Amino acid sequence: MATKVWAIDASHSKIEFKVRHMMVSNVRGEFKEFTGELVTEEEDFSTGKAKFEASLDSITTGVEQRDNHLKSDDFFNAAEHPKLTFVSKGIKKIDDDDYEMTGDMTIRGITKEVKLKVEQTGIVNDDWGFRRAGFEISGEISRKEFGLKYNAAMEAGGMVVGDKVKLSVTTEITYKL
């Protein structure tokens, strides 16, 4: 079998998250700088080994003050822990287009196993000599488990920032034919 090394096409990929704010709405954000690859045997994605990293300094929510707070020691401490990483441990094929990927995510030097739902959205040879595959990836983590513990109680009850963070990745990966 031939090994294929697929790289994330960052210009056609987006790494996003959302977290509950004041128990009534969601704050959304994304990472602008990231890299990753998937190594497979042929094109059998269930044999794949994925790795990914995002620059925490590239986090953006559209509000500079909030972005700076997220980069501070209250949350990610980007100065001491500049990267969020994910390394897969296994990919299980559920059906023709759906997979479950298990791996280790590291944030603030804390590593936890997470499970992600993966949907393959297509595969094609492009006009520039690349094989392309698309995926929608989703999951949920507890921010407190990764040491992102900042919060404040509201007078009306509840907390300002929710614990559960929903992850959403739209990605295109490629290798040269």
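The values are calculated or read from the model by the stated rules, or taken from the named source; none is laboratory data. It should be emphasised that the depicted structure is a prediction, and the values quoted were computed from it without experimental measurement. Cβ atoms come from the backbone with ideal geometry, glycine included; neighbour counts cover every protein chain shown.
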Are there any pairs, at least 6 apart or on different chains, whose C-beta atoms fall under 8 Å, with the first in the range 32-44 and over 10 Å from ALA2 (Cα atoms) and at pLDDT 95 or above and the second assigned to a loop (DSSP other than H, G, I, E, B) and not hydrophobic (A, V, I, L, M, F, W, C), and if so, which?
-> PHE34/SER13
Mind listing whichever residues of the range 1-27 are loosely packed, with under 15 Cβ neighbours inside 10 Å and within 18 Å of ILE107 (Cβ to Cβ)?
-> GLU16
Counted residues, the range 52-82 - those being in a helix (DSSP H, G or I), surrounded by 15 or more Cβ atoms within 10 Å (Cβ to Cβ) and acidic (Asp, Glu) = 2
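For the range 95-112, give me each residue that is surrounded by 16 or more Cβ atoms within 10 Å (Cβ to Cβ) and either under 19 Å from VAL169 (Cα atoms) or among the hydrophobic types (A, V, I, L, M, F, W, C) (or both).
Just the residues of the range 95-112 that are surrounded by 16 or more Cβ atoms within 10 Å (Cβ to Cβ), to begin with: 99, 101, 103, 105-108.
Once the filter is applied, which keeps residues that are surrounded by 16 or more Cβ atoms within 10 Å (Cβ to Cβ) and either under 19 Å from VAL169 (Cα atoms) or among the hydrophobic types (A, V, I, L, M, F, W, C) (or both), the range 95-112 yields TYR99, MET101, GLY103, MET105, THR106, ILE107.
Would you please name the residue that is surrounded by the most Cβ atoms within 10 Å (Cβ to Cβ), looking only at residues in the range 143-177 that are among the small types (Gly, Ala, Ser), under 16 Å from LEU70 (Cβ atoms) and at pLDDT 60 or above?
First, pick out the residues of the range 143-177 that are among the small types (Gly, Ala, Ser): 147, 152-153, 156-158, 162, 168.
The next check asks that each one be under 16 Å from LEU70 (Cβ atoms); those that pass are 147, 152, 162.
Going one step further and asking which of them are at pLDDT 60 or above, we end up with 147, 162.
Working: GLY147: 16, GLY162: 19.
Ranking the candidates gives GLY162 first.
Could you tell me whether GLY109 is farther than 21 Å from ARG20 by Cα, within 17 Å of the chain's Cα centre (by Cα) and at pLDDT 95 or above? Spell out how you get there, then give the answer.
Working: farther than 21 Å from ARG20 by Cα: yes; within 17 Å of the chain's Cα centre (by Cα): yes; at pLDDT 95 or above: yes.
Yes, satisfied.
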